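Worksheet for the structure shown next.
The values are calculated or read from the model by the stated rules, or taken from the named source; none is laboratory data. Keep in mind the model is a prediction, meaning the values are calculated, not measured. These accessible areas exclude ligands, DNA and RNA; they are computed on the full protein's heavy atoms, side chains included. Shrake-Rupley method; radii C 1.70, N 1.55, O 1.52, S 1.80 Å.
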Amino acid sequence: MLPLRIFLGVTFVYAGLDKLTDSAFLSASGPGSIGDLMHGVRDTSAVPALVDLALKAPVGFAVVLAVGELLVGLGTLAGVWARLAAAGGALISLSLWLTVSWSATPYYYGNDLVYLMAWLPLVMAGAPYLSLSELRSRRSRRTA
């Protein structure tokens, strides 16, 4: 579980930071923008209503997505509320699969589905090793 946790944590931290530092992505329109991306996938997504929701405030959506990825990644790496962080990662991956990568053919070319499946073991197992939650749990058992 630890290698999976490290991979997903680093990947989501990187994805969040990449989005937050990309001025083109954090724009409502133009090449490389979240708005342009959402308009491009709207008609091929499994749930166009999710895309429409994002298009109501594309920059706000982009910031929330990026901060969510960053928090999920940091929580996963540190092992803080690991199951909650993994559930957040799974939710982000599910949302992206149903919208952005839904039209990938064959389906296994869409990486968001693979990320969704990778998060599920961490949702079930949490972070029992080398985590701040484990350390806190051990300390509370010693004092009890």
Counting only the heavy atoms of the protein chains, how much of Ser131 is accessible to a 1.4 Å probe, in Å² to the nearest 10? 10
What order do Trp102, Trp97 take when sorted by accessible area (1.4 Å probe), most exposed first? Trp102, Trp97
Taking a probe of 1.4 Å, how large is the accessible area per residue of the chain, in Å²? 57
If I fit a long axis through the Cα atoms of helix 132-143 and take the longest principal axis of the Cα atoms of the chain, what angle between them do I get, 0 to 90°, rounded to 10? 30
On a 1.4 Å probe surface of the protein chains, which of Arg138, Arg42, Arg5, Arg83 comes out largest in accessible area, and what is the full order? Arg83, Arg138, Arg42, Arg5
For the chain, the accessible surface attributable to carbon and sulfur atoms (probe 1.4 angstrom, ligands and nucleic acids excluded) amounts in percent to 69
Using alpha carbons only, how many degrees (0 to 90, rounded to 10) separate the axis of helix 2-20 from the longest principal axis of the chain? 40
Where does each of Thr105, Thr44 land when they are ordered by accessible area, with a 1.4 Å probe and the largest first? Thr105, Thr44
